[in-house]
Every structure is written in structure tokens, then in C-alpha cells.
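I have placed the structure first, in the form of C-alpha cells, so that the comments after it can refer back to it.
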């Protein structure tokens, strides 16, 4: 079946501009996560959504970052007034919480490579 | 101290060798543990979950040591295709999952 998709795959933006990154999770997955990975570094947790619960935003690095998930499916990560240090690969993942499926095993999209010039 | 720590390596091993990685975690209340594999410039892919009793999937064996707060991954009979970065991941509550920075493995002919 279809995996997690993300768009755009690459984004180059000028410092100070806003960007929106999109994630389409695996159909039926109730949990959706955003991570950031800088070159040669590990994954940095940003935020997760689970069902109708309030999202865990504890990893968002500043108030320039926000995310929403509409209709329990597609999610958008927005970065306002981008800075050069925001340059990274932004990865989205989803996991299931339905009977018979391991609820916390995450499946990742291919990521969006963001470059702020 | 980081919540999840891994030796960055790199580990350079010949084909056919056995190699093991450890990953330590700081939160004793951690509940779920995973190993992911990440190839260069690709997204992480789930390798295996780590169960309390330990588990095996072909050449890969994962173990959990709660007393010492670490998980391990053993790869037997290494293949060239095993060359990658191996990330451990730990869930401490809710759905929040913390990843280690990864251990790089190079398997050479």
C-alpha cells in the first residue's frame, strides 16, 4: 500500500520567508510525527499528533514553528521567518493504533530537504 | 546527558563478521524500544522492535537490559548491504519517541 508521502521533496527559501511542509500519513494511521535531521545528526523530535488528543509540541524549537493536522490525516508544518539554522531535512512519520498493529512502530516519509539562503 | 546515546562509530567490519551495537537510555520509565536503519540520504526504516525477552529476525538479534538501561543489536554474518547507520529509538510515554544519533556501520569485502 501507499506509504507516507511528503511534499515538496526539496525547498529553497530566502531567510525571513515562511514555508509550509506537507505530510500525508499512511491511511488509517492515527499517530503522526514530525522530526528534523540536520546534516550528519540524529533525528530531533518536533511534535506528534495522536487521534483527537492535544498534540505534544514539546520538541518545537521556537514559536516560529507550528503544525496542524486536519481531519486526522494530512499535516502541515509551518516555519515562519525562516533562519539559516532551520536548514535541515524535515521527516514525517506515522504509526497505527488499531487492533493487531504495533502502535508505536513508525514509518517514515522521504523527507523535505529545506535550505534557507 | 542525552536521553538516548549511541556510539557514533564508525564500525568497520569485514563481510561475515559479527558486530554489536549498544544504545543507552536515561529514563528508567521508558516503555518501548526500537532499532531503525538509515541509508545515506534516505529516511529511517524500522528494523525491529525490541521486546523484553529479546527477539531475533534472521541475522539480527535485539536485546533489552532494563537494569542497566540499554538495548543492543547484534548482526551476524554481516553483508555488504548491511552498511548503513543504525538508530535506536526509545518511547518513554505517550507517543513521544527519542532517537539516538546513530551508529555508522561499514561492511567491507
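Of the residues A:106, A:50, A:41, which single one is surrounded by fewer than 19 Cβ atoms within 10 Å (Cβ to Cβ) and facing chain B (nearest Cβ under 9 Å)?
Step by step, each of A:106, A:50, A:41 is checked, and only A:41 is surrounded by fewer than 19 Cβ atoms within 10 Å (Cβ to Cβ) and facing chain B (nearest Cβ under 9 Å).
For every residue, the table says whether it meets (1) in contact (Cβ under 8 Å) with a residue 24 or more places away in the chain; (2) under 16 Å from residue A:93 (Cβ atoms); (3) away from every other protein chain (no Cβ under 14 Å).
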{"residue": "B:74", "(1), (2), (3)": "yes, no, yes"}
{"residue": "B:87", "(1), (2), (3)": "yes, yes, no"}
{"residue": "B:97", "(1), (2), (3)": "yes, yes, no"}
{"residue": "B:101", "(1), (2), (3)": "yes, no, no"}
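Which one is farthest from the other protein chains (Cβ to nearest Cβ), of the residues in the range B:9-37 that are over 16 Å from residue B:90 (Cβ atoms) and outside any loop (DSSP other than H, G, I, E, B)?
B:14
Taken together, the values in this text are just the output of simple stated rules run on the coordinates, not laboratory data. What you see is a predicted model, and the numbers here were worked out from it, not measured in a lab. Methodologically, a virtual Cβ is constructed for each residue, glycine included, from the backbone with ideal geometry; neighbour enumeration extends over all protein chains shown.
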